[in-house]
1. Given a Förster distance of 30 angstrom, what is the FRET efficiency for residue 100 paired with residue 196, based on the Cβ-Cβ distance and rounded to 0.05?
2. Among the listed pairs 128/233; 100/233; 56/233; 100/128, which are separated by more than 23 Å between their Cα atoms?
3. How large is the convex hull of the Cα atoms of the range 83-230 per residue, expressed in Å³ as a whole number?
4. Give me the distance in nm between label points sitting 7 Å out from Cα along the Cα-to-Cβ direction at residue 337 and residue 305, one decimal.
5. For residue 107, project a label point 7 Å along Cα to C-beta. Then give me every residue of the range 125-141 with its amide nitrogen under 12 Å of that point.
6. Using 0.36 nm times the number of residues separating residue 268 and residue 298, minus their current alpha carbon distance, what extension gain do you get?
7. What list of ³J(HN,Hα) values in whole Hz, one per residue of the range 195-210 in order, does the Karplus curve 6.51 cos²θ - 1.76 cosθ + 1.60 (θ = phi - 60°) give from phi, with Gly and Pro shown as x?
8. How far is it, in nm, from the label point at residue 401 to the one at residue 250 when both lie 7 Å from their Cα along the line to the Cβ?
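Every number here is computed from the coordinates shown, using simple stated rules; none is lab data. Here the structure is a predicted model, which is why all the values come from computation and not from measurement. So basically every Cβ, Gly included, is an ideal-geometry build from the backbone, and we count neighbours across all protein chains shown.
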Amino acid sequence: MDGFDLLPSAIILGAVLVTLAAASTVLRRRGTRQRTAEAQRRTVAPTRLPVDELIKRANIQLVQMDDAVRDAADELEFARAEFGDSAVHDFAEALDTAKKRASEAFALKQRLDDSVLDTEQEQRDWSKRILSLSDAALALVTTQTRAITDRRRTETAAPDTLARLGDRTAEARARVPLATATLAELHDAYDPAALESVEGADDRARQALDAADAARAEAHDSLETAAVAPVGKEVQRAEALLREAVALLDSVDRTRDALRQARLDRASALDAAASRLRDADELRQKVAAPDAAQRILDAEKRMRDTVALAETRRPAHPAADIDALDAAAAELDHALATARTAQQRLDSAREALVGALAIAESHIRTASELISSRRGGVGTDARTRLAAAERELQLARLEADPVAALDGARRAATLATDADALARYDTMHAR
């Protein structure tokens, strides 16, 4: 037993709560003054900044806002578990609004980063807009997060919170051996490259839980040795570490499920490849132009080689196989385009679209998991490409023309792959 059932007397507990409330009021007022001064600097100074400095400031604020939105999403789920759906209704609405503003800000960042040459005035205007949107999103989630924190402090005494944290930490710790076993099974079954996003997740979760226990113990010792002890910081740290550990353990489960689904998707992709090759053989016999027939034959060979690799690769890497099959399918589709009727192209695109959307979703999920797990270690380039990939995927889903939708889904997959690569580069250099 940790001894958390030994509560202070009602009088001492009342004194602790009154003292903490007073300290919280002072800190909130001080924080309000600091935020007001910072807001004034942001709203006044940008008009006098050089455009390069303005863009740099917008990049910094964009990262801070994105991390705050991701943290708020985690906090919302914990608050929902603690207080129920009705208590976090406003929080959920504010988070949705913040995400929309974040999406608009990343869209502007993409315009700044694309290959089109922008005027200095456009760069200045878009950077100011990014700052404004980021500030607005940050303010929304910050306000709601503080409201939840205040409610938690009001409704829950520190000893009770520590006791609950102990129970939840114990529950999470019981999952660590399962995560270790899952990772061992995955390492036996899959190529290490397919597991990079969760490499060492069990050890990192264990370390986070150890640190959470240490923070809880420190807070508990403070409550036992002093009638009035400021333990809010330790409690918040223990909660944050617990959230981090749970997220890492969840990522192992999600990766396991994603790989299982990828195996099924690979089987479907192989079936689709076989069907494509049959169609290509038939169509090639009808093509009159020798050049067009040769292009189809070359594309068929690449597709057959890709199928052979996917069927024999050990250990398995279904995501890589699906990517290779999709690339080979794209090449074969391009070779067949000169010989197909418009309706045949549409039918082929509709068939390929389902797999292309699944691939894009998989790459976006992988990149998002990596950015979420590294947070401040990932810069704006990776985040911007991830946001662009999410927009391309959304547009592809809404596109009525299957050919255009297929192109959009493949662009989304490429952007997500770029985001993942940039995030890994940032993470490597951050170390």
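1. With a Förster radius of 30 Å, E is 0.45.
2. 128/233; 100/233; 56/233
3. 187
4. 2.2
5. none
6. 8.5 nm
7. These are the phi-based 3J(HN,Hα) values: 10, 4, 5, 10, 4, x, 4, 5, 5, 5, 5, 4, 5, 5, 5, 4 Hz.
8. Going by the 7 Å Cα→Cβ label model, 3.9 nm.
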